[in-house]
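J.: Mind having a look at this structure? Questions to follow.
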Amino acid sequence: MTKHGFKYDLSDCLPFRDSKACERARNIRRDEITKHKNKNFKIRVIENEQAFQFAYVMDIVAGIKRALEAGRKKYVLILPAPNPNYAYVAKMINDLNIPCHHVHTFNMDEYADQDGNTAPRSWKGGFQYWMWRDLFSQIRPALRMPEKQIHFPSTKNVKSYSNMLADLGGADKAYGGIGWGGHVAFYEPHIAVRDHGENMESFLRQGASIVDLHPITVCQNCLYADAGSAGDWSWVPPKAATIGPLDLASSKLVSFWDGFGAGESIWQRFISRLAAHGPVTPRVPASMLQVVKSELILSGSVAADCSCETSERRVPIKF
């Protein structure tokens, strides 16, 4: 990579090191970001941050209600990591008196220790803890989906987790977001390269598993509220149980939302562009969005231009 006469190779710790592709992604302007040649891959931007968060809540609740009104006996959702907006999902369900007995939820992932033992529901850093606190326990018992229909990947079930989803016909909608290093759920680029090389067909057949977290993911996740927003990387466990690309590819629609979390998630400006418009490769797992039926919804802050040249706009301090 060359910038203003300074040439350097990308860090060896990065599974994706194509500097030209990175530069192309970095230079995609805001007015170009929603254009894509694959008609099954829809990209849109919700400029207002509050509207973005409200739209996410409405999307989840509307899907549940539509399935109920259609008389469907089951409506299957893949849900991403804890999000404070889940409390609004619960409130809307309660206020509108929407029964959720037809809803089956599968969380994307859960932390695990160095031996692959997943965190218990009582651990305050775990996804189960926060999902129950913000979402499931907030839904009135008379409306709540039966507990046997609320699923989390664990040490005990991870080998059968993908089959559990498949037995229900796959997810009707798989929500998520693109990780800083390009992961989907916790399926990391370095794991994808190790297990599948450049073979996307093999990659898309990968089911749920226990994985090692990449250093970028550890840094990303220690910035979120459920980790105290303290940047405490010692709080983030080394492994996780996670769904695989197969579970997303088998969904009727993959719906990724980039714009939540630490620092308004402006770090997603680059990786959202690389995943949506760069090479389709296991080295950027989220690039699979380009080849499955999917949508990518971006907040205005994520869609904004990400070229490092904008740093030159910073007003110098003068005394």
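The values are calculated or read from the model by the stated rules, or taken from the named source; none is laboratory data. As the structure is a computational prediction, the values presented were derived from the model and not from experiment. Positions of Cβ are generated from backbone atoms using ideal geometry, with glycine treated the same way; all protein chains shown enter the neighbour counts.
J.: Does Ser162 meet the test of being surrounded by 14 or more Cβ atoms within 10 Å (Cβ to Cβ), in a loop (DSSP other than H, G, I, E, B) and either modelled with pLDDT of 95 or more or not acidic (Asp, Glu) (or both)? I'd like the intermediate steps shown before the answer.
T.: Details: surrounded by 14 or more Cβ atoms within 10 Å (Cβ to Cβ): yes; in a loop (DSSP other than H, G, I, E, B): no; either modelled with pLDDT of 95 or more or not acidic (Asp, Glu) (or both): yes.
So Ser162 does not fit the description; no.
J.: Run down Glu47, Glu32 and say which single residue is surrounded by fewer than 18 Cβ atoms within 10 Å (Cβ to Cβ), farther than 21 Å from Gly170 by Cα and at pLDDT below 95.
T.: Values: Glu32 fails: at pLDDT below 95.
Answer to the check: Glu47.
J.: Check whether at least one residue in the stretch 41-63 is within 18 Å of Ala304 (Cβ to Cβ), of a type outside the set (Asp, Glu), assigned to a loop (DSSP other than H, G, I, E, B) and touching a Gly at 6+ places or on another chain (Cβ under 8 Å), and report yes or no.
T.: Yes, the stretch 41-63 has at least one match.
J.: OK, next. Look through the stretch 221-258, keep the residues that are touching a helix residue (DSSP H, G or I) at 6+ places or on another chain (Cβ under 9 Å), of a type in the set (A, V, I, L, M, F, W, C) and assigned to a loop (DSSP other than H, G, I, E, B), and return whichever of them is modelled with the lowest pLDDT.
T.: Per the criteria, the residue is Leu223.
J.: Same structure, new question: Quick one: Pro279 ticks every box in (1) surrounded by fewer than 23 Cβ atoms within 10 Å (Cβ to Cβ); (2) closer than 14 Å to Gly176 by Cα bar one, so which box is it?
T.: Of (1) surrounded by fewer than 23 Cβ atoms within 10 Å (Cβ to Cβ); (2) closer than 14 Å to Gly176 by Cα, only one is false for Pro279: (2).
J.: Pick from Ser137, Ser154, Ser122: which is part of a loop (DSSP other than H, G, I, E, B), among the polar types (S, T, N, Q) and surrounded by fewer than 17 Cβ atoms within 10 Å (Cβ to Cβ)? Steps first, answer last, please.
T.: Numbers: Ser137 fails: part of a loop (DSSP other than H, G, I, E, B); Ser154 fails: surrounded by fewer than 17 Cβ atoms within 10 Å (Cβ to Cβ).
Result of the check over Ser137, Ser154, Ser122: Ser122.
J.: Which ones in the stretch 64-95 are part of a helix (DSSP H, G or I) and of a type in the set (A, V, I, L, M, F, W, C)? Break it down stepwise before answering.
T.: First, pick out the residues of the stretch 64-95 that are part of a helix (DSSP H, G or I): 64-69, 86-95.
Result: Ile64, Ala67, Leu68, Ala87, Val89, Ala90, Met92, Ile93.
J.: Can you give me the number of residues within the stretch 170-216 that are at pLDDT below 95 and among the hydroxyl-bearing types (Ser, Thr, Tyr)?
T.: So the answer is 0.
J.: Since Glu69 meets every condition but one in (1) within 25 Å of Gly207 (Cβ to Cβ); (2) more than 16 Å from the chain's Cα centre (by Cα), which condition does it not meet?
T.: Answer for Glu69: the failing condition is (1).
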